[in-house]
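For reference, the structure discussed in these notes is given below.
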Amino acid sequence: MAFMQLTEKRKLERFSMEIPAKIRVPAAGERDVYTRDVCSGGAFFRTEAPLPIGTEMEIALVLPLEKLKKLPDGCTKVMIKLTGKVLRTDPEGMGVCFREEYEIRPWPENHTMQ
């Protein structure tokens with residue numbers, strides 16, 4: 001019996017991190033999710049209702065900074081704003097590939113995506 005060796009296709013290191021995020025799709029609205037794992041090229045978002053493969057979305061990863069640095073105006077979080085596309089889904093959520101463009105800015109409490 002011959003055994004096949006599985007090869008990892010990812011080129012970027014992935015980290016198991018639960019990061020709060022907001023995703024927005026114009027036709028489907030905005031929802032709060034959490035990542036299961038993340039790398040610089042994409043993330044897996046936990047959701048009971050994954051979006052269809054190929055869906056384009058706006059993503060805001062919200063990183064708490066309490067232990068790192070205080071930002072002006074009382075901000076305690078920073079938001080990384082990205083866009084991405086659903087590449088795969090499974091019963092636990094969806095894998096999303098990030099586009100190269102991004103923005104990093106302070107995230108005030110009770111903020112919605114714009």
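Assorted remarks:
- Yes/no for Glu48 being modelled with pLDDT of 90 or more, farther than 19 Å from Ser16 by Cβ and of a type in the set (D, E, K, R): yes
- Residue within segment 76-98 that is open to solvent by less than 70 Å² (accessible area, probe 1.4 Å), modelled with pLDDT of 65 or more, assigned to a loop (DSSP other than H, G, I, E, B) and among the hydrophobic types (A, V, I, L, M, F, W, C) present: no
- Just so you know, in segment 10-56 the residues that are in contact (Cβ under 8 Å) with a residue 60 or more places away in the chain and not β-branched (Val, Ile, Thr) include one that is least open to solvent (accessible area, probe 1.4 Å), and it is Lys22.
- All positions within segment 19-30 that are more than 15 Å from Gly84 (Cα to Cα) and in a strand (DSSP E or B): Pro20, Gly29
The values are calculated or read from the model by the stated rules, or taken from the named source; none is laboratory data. Predicted model only: the values in this text are computed from it and were never measured. Heads up, the Cβs are rebuilt from the backbone with ideal geometry, glycines too, and the neighbour counts pull from every protein chain shown. Protein only, heavy atoms only, side chains kept; ligands, DNA and RNA dropped before computing areas. Shrake-Rupley method; radii C 1.70, N 1.55, O 1.52, S 1.80 Å.
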